[in-house]
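The values are calculated or read from the model by the stated rules, or taken from the named source; none is laboratory data. Keep in mind it's a predicted model, so treat the numbers as computed, not measured. Cβ: placed from backbone, ideal geometry, glycine included. Neighbour counts: every protein chain shown.
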Amino acid sequence: MKRLKGVLAIIFAVGLLPLLVTSMAFAGEKVLRIGYDAADLVDLHPHFAQTTQDRAAVQLFFSGLVRYKPGDISQFVPDVAQSWTTSKDGRTWTFQLRKGVMVHPWGNNPGYELTSEDVVYSYQSAANPAKSSRAAEYVGITFKANGPYTVVATLDEPTSPQLFLPKVAAYSAGFIIPKKPAEELGEGFRKNPVGTGPFIFKQYLPKEKLVAVRNAKFYRGVPKLAGVELLYMPDLSSRNFGLMNKELDAIEGPPSQPWVDEMHKLAGVSVDIFGPGEQGTLHFNMSMSPLKDIRVRRAIMYALSRDEVVQTIGPAIGTPAYTEAQQPQGGWMTAAELKQRGQKDKKDYLYETNRTKAKALLKEAGYPNGLTLEFFQTERGEYMIPMQNIQAQLREVGITLKFIMVDHTTWHQKIRANECSLVLYNSIRPNTDVRLTHYDYSESIVVTGKAPITNFSHVGAVDADGSGKISSIDDLIEAARRELDPKRQDEIWKQASLKLLDWASSYPMFVKKWTFARQNNMSWGYPLTTVILNSPVIDELASITD
């Protein structure tokens, strides 16, 4: 009896009672249970989903015309579209849809066959700023139906496959939202998603979990799993305990080398470290003092060591990043190339650590005794681990960072409301055009942009270098979009990155691979090497064996 009481005390202490209840309800079923480093969901509408936990959820329910090949994001493979062709001028794309792709049931509706009308509706919605946070990516594209199973996309400007296919892929606004449920549910769609993916939404319990069940009519075949449960468990010890006691099949890990080493020691547990990973960039809000002053921003950059942050994250997980364009995407540059170009242009693009220079710049800017920056900071481990190291490094030159700690959901709201002077943002984007569009295009400026996304630095709205002119790379972003020659396109993107570095608008620091641990009897169904999402793709091939 004493032993039983002790076990129950542990269960209540780490919050695993809901897991045990669920386990009893699904006895004998193969239901995948994953613990995520998050307190709650934000949005289940794929055209608005921003956070790691939201993206992990929406990929269960939705499809794209094409999709990134699981485990190899360098390739696009058919999804809802079984084939596609491109005109010679690169302006017309024609997609032939599969027949028999069924929309999930919702309410009293049993579902129906997806047609070109749904696809056109979805991409028109994606292009509408009132209905999508990714509208800027669809400017200049017209989608039309040509019969029930043919969709034609016409572009104002020629666009290369590497820039166009991500717009219609199973990721972000490329996910297809069927017309009838989207219109019928309205705002309710954001918490009751209806798509054509391998799993059907069943239940969402705030701050606890999301439940999905098998889509027996899935067009690529019946999923091997009976269902999936995503559990919101911001406490790492609770996730670790759930995995060790087999109440969880997989857990999201932190960007921590000691955690990886600890998981490797557990019997019956495998660790997945996969990429290409998220790039961590420190964005300076150039609309706020004292970061309006380029000398302050450059002081921060000279005070920091990328290598030190990478060591904190862990050598098996992190690598340094030097440009806005992320390796291995177009336009990225090595440290050696940046140094070479800097010597040629008589500029410092690399910002190698020089704390003496950092202190001198602060003094010149009017802060001989240093300064304090106070801002909202997420509790999420993948941000806190590098941010605590950044805090310690900046202390060496007299810069004090004061964190106002909030949960990850609140933090996303605060940074998009322009309430933070500093934003360390980890992300991956499908290509360099999308990355530059999201973070450095004038229309993407938070709050004030025509299509506000994640331009936290206000590039395109402020005078970054004191020249008396607005500092913008809009012309370079747009020129690269029109360029079909890969080499010239790469060079345009490099010029954009060099301008951003010269203006010290943001500081690319590291690329962090993702870490998950799982039971050995659980399989993702493909080699987990590279994925476009922040977590493993869970499709019809994922399985759990006895």
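Each residue in the stretch 210-234 was checked for being farther than 14 Å from residue 544 by Cα and in a loop (DSSP other than H, G, I, E, B), and 10 pass.
In the stretch 88-99, the residues that are at positive phi and among the hydrophobic types (A, V, I, L, M, F, W, C) never reach a residue that is modelled with pLDDT of 95 or more and surrounded by fewer than 16 Cβ atoms within 10 Å (Cβ to Cβ) with C-beta atoms less than 7 angstrom apart, at least six apart or across chains. Note on the stretch 190-218: among residues that are among the aromatic types (Phe, Trp, Tyr) and surrounded by 20 or more Cβ atoms within 10 Å (Cβ to Cβ), the one that is farthest from residue 233 (Cα to Cα) is 218. The single condition among (1) among the β-branched types (Val, Ile, Thr); (2) surrounded by fewer than 19 Cβ atoms within 10 Å (Cβ to Cβ); (3) more than 24 Å from residue 256 (Cα to Cα) that residue 399 does not satisfy is (2). Within the stretch 429-458, if we keep just the residues that are within 19 Å of residue 375 (Cα to Cα) and of a type in the set (S, T, N, Q), the residue that is surrounded by the most Cβ atoms within 10 Å (Cβ to Cβ) turns out to be 457.
Here are some conditions: (1) within 15 Å of residue 540 (Cα to Cα); (2) in a loop (DSSP other than H, G, I, E, B). Residue 200 meets all but one. Which one does it not meet? It is condition (2) that residue 200 fails. Taking the numbered list (1) among the small types (Gly, Ala, Ser); (2) closer than 25 Å to residue 372 by Cα; (3) touching a Pro at 6+ places or on another chain (Cβ under 8 Å) in turn, residue 466 passes all entries but (3). Looking across the stretch 146-163, just one residue is at pLDDT 95 or above, in a loop (DSSP other than H, G, I, E, B) and crowded, with 16+ Cβ neighbours inside 10 Å, and that is 149. Inclusion of residue 472 among residues that are hydroxyl-bearing (Ser, Thr, Tyr) and free of Cβ contacts under 8 Å to residues at least 24 places away in the same chain is not warranted. Within the stretch 310-339, residues that are under 22 Å from residue 253 (Cα atoms) reach partners that are surrounded by fewer than 17 Cβ atoms within 10 Å (Cβ to Cβ) and charged (D, E, K, R) with beta carbons closer than 7 Å, at six or more positions or on different chains, in the pairs 320/307. The condition of being surrounded by fewer than 21 Cβ atoms within 10 Å (Cβ to Cβ) and closer than 24 Å to residue 498 by Cα does not hold for residue 417.
Residue under question is residue 386, and the condition is that it be within 25 Å of the chain's Cα centre (by Cα) and either crowded, with 17+ Cβ neighbours inside 10 Å or at pLDDT 95 or above (or both); does it hold? In short, yes. Applying the criterion of being at pLDDT 95 or above and of a type in the set (Ser, Thr, Tyr) to the residues of the stretch 489-525, the residue that is surrounded by the most Cβ atoms within 10 Å (Cβ to Cβ) is 505.
Specify which of the listed residues (222, 211, 194, 168) is more than 26 Å from residue 65 (Cβ to Cβ) and among the hydrophobic types (A, V, I, L, M, F, W, C). Full working, then the answer.
Values: 222 fails: more than 26 Å from residue 65 (Cβ to Cβ); 194 fails: more than 26 Å from residue 65 (Cβ to Cβ); 168 fails: more than 26 Å from residue 65 (Cβ to Cβ).
Result: 211 is the single residue among 222, 211, 194, 168 that is more than 26 Å from residue 65 (Cβ to Cβ) and among the hydrophobic types (A, V, I, L, M, F, W, C).
In the stretch 100-116, the condition of being surrounded by fewer than 24 Cβ atoms within 10 Å (Cβ to Cβ), within 28 Å of residue 427 (Cα to Cα) and modelled with pLDDT of 95 or more is met by no residue. Kindly establish whether residue 160 is under 23 Å from residue 189 (Cβ atoms), within 28 Å of the chain's Cα centre (by Cα) and of a type in the set (Ser, Thr, Tyr). Here the answer is no, as residue 160 does not meet what is asked. When the residues of the stretch 89-115 are filtered to those that are out of contact with any Pro (no Cβ under 6 Å at 6 or more places or on another chain) and among the small types (Gly, Ala, Ser), the one that is farthest from residue 432 (Cα to Cα) is 107. In the stretch 388-404, the condition of being within 27 Å of residue 172 (Cα to Cα) and in contact (Cβ under 8 Å) with a residue 60 or more places away in the chain is met by no residue.
Looking only at the stretch 75-94, residues that are surrounded by fewer than 12 Cβ atoms within 10 Å (Cβ to Cβ) and hydroxyl-bearing (Ser, Thr, Tyr) come to 2 in all. Filtered by the rule that a residue be in contact with a helix residue (DSSP H, G or I) (Cβ under 7 Å, 6 or more places away or on another chain) and under 15 Å from residue 325 (Cα atoms), the stretch 475-498 gives 476, 477, 480, 481, 489, 492, 493, 495, 496, 498.
Whether any residue in the stretch 461-478 is more than 13 Å from residue 286 (Cα to Cα), in a helix (DSSP H, G or I) and β-branched (Val, Ile, Thr) is what I want to check. Looking through the stretch 461-478, at least one residue is more than 13 Å from residue 286 (Cα to Cα), in a helix (DSSP H, G or I) and β-branched (Val, Ile, Thr). The strands (runs of 3 or more DSSP E) found entirely in the stretch 1-88 that carry 2 or more residues being modelled with pLDDT under 95 and either within 17 Å of residue 164 (Cα to Cα) or out of contact with any Phe, Trp or Tyr (no Cβ under 9 Å at 6 or more places or on another chain) (or both) are 66-69, 72-78.
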